[in-house]
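Chemist: Okay, here's the structure, questions in a sec.
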Amino acid sequence: MQDEKITELFFERSQEAIEETKIKYSSYCMKVAANILKSRQDAEECVNDSYMKLWSSIPPNRPASLKAYLAKIVRNLSLDKLEKQKAKKRGSGTAELVFDEICEFISTGGEQLADEIALREAINSFLASLDRQTRIIFVQRYWYFCSVKEIAVQLNVGESKVKMTLKRTRDKLREQLEKEGLDL
């Protein structure tokens, strides 16, 4: 079923909307959640919670891309769950490692909304300037929390190429953000 039709089912408050969303996107959502949480049970819980959050947010929202909207919900719920787990026990997983890589020069703690918007726009502009493969590598690592090995397999390149691409891209992003005068 097309996303537009599924969205209409949400607006009609039809239970079929959830079922169609599950059919179309459950595997995708599980991948997003599992990459962050590294636990199938926790990932399933977040994915199920995301359907409820989706139900409560459509309407009034009408997302341009149901897939992206749902992925953002799953990702945010997974990150919230990870943060709660981290508070209980100080473990180290891929998500923490990924945050350490990118947060060495990006700090959002305590920033004003305008600064966050400027940072988001600067990062989006930066991503748009990258070649396709570099953008895929960067987004797979820092949005979907894929491991270097997973990215290498997906793109049929060596792990060292992925690592070097990530390092160079982080360096370029840092330079771009400094040039735009964003306090990091």
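Read the figures in this text as sums done on the coordinates, not as results from a lab. Remember, predicted model here, so these are calculated numbers, not experimental data.
Chemist: Determine the gain in length on full extension of the stretch residue 84-residue 19; use 0.36 nm per residue of separation and subtract their C-alpha separation, reporting nm with one decimal. Walk me through the numbers before you get to the answer.
Modeler: Values: separation 65, 0.36 × 65 = 23.40 nm, distance 2.89 nm.
Additional length available on full extension: 20.5 nm.
Chemist: Kindly provide the pair-distance distribution of segment 3-88 built from C-alpha pairs, with 5 Å bins from 0 and whole-percent values in order of increasing distance.
Modeler: 3, 16, 28, 23, 14, 9, 5, 1, 0
Chemist: Still on this structure, I have one more. In the structure displayed, which of 84/172; 24/81; 5/53; 53/179; 22/84; 67/179 lie more than 28 Å apart, Cα to Cα? Let's see the in-between values first.
Modeler: On the way: 84/172 32 Å; 24/81 24 Å; 5/53 19 Å; 53/179 38 Å; 22/84 26 Å; 67/179 33 Å.
Pairs exceeding 28 Å: 84/172; 53/179; 67/179.
Chemist: Using 0.36 nm per residue of separation minus the Cα-Cα distance, give me the extension gain between residue 120 and residue 41 in nm, one decimal. Please report the intermediate quantities before stating the final value.
Modeler: Details: separation 79, 0.36 × 79 = 28.44 nm, distance 3.16 nm.
Between residue 120 and residue 41, full extension yields an extra 25.3 nm.
Chemist: Under the rule of at least 5 residues apart or a separate chain, name every residue whose amide H is placed under 5 Å from the amide H of residue 145.
Modeler: Residues meeting the criterion, in which the H sits 1.01 Å from N, do not exist here.
Chemist: Quick one: what are the phi-derived ³J(HN,Hα) couplings along segment 119-133, Karplus 6.51/-1.76/1.60 with θ = phi - 60°, whole Hz, x for glycine and proline?
Modeler: My calculation for segment 119-133 gives 5, 4, 5, 5, 5, 4, 4, 4, 4, 5, 7, 7, 5, 4, 5 Hz in order.
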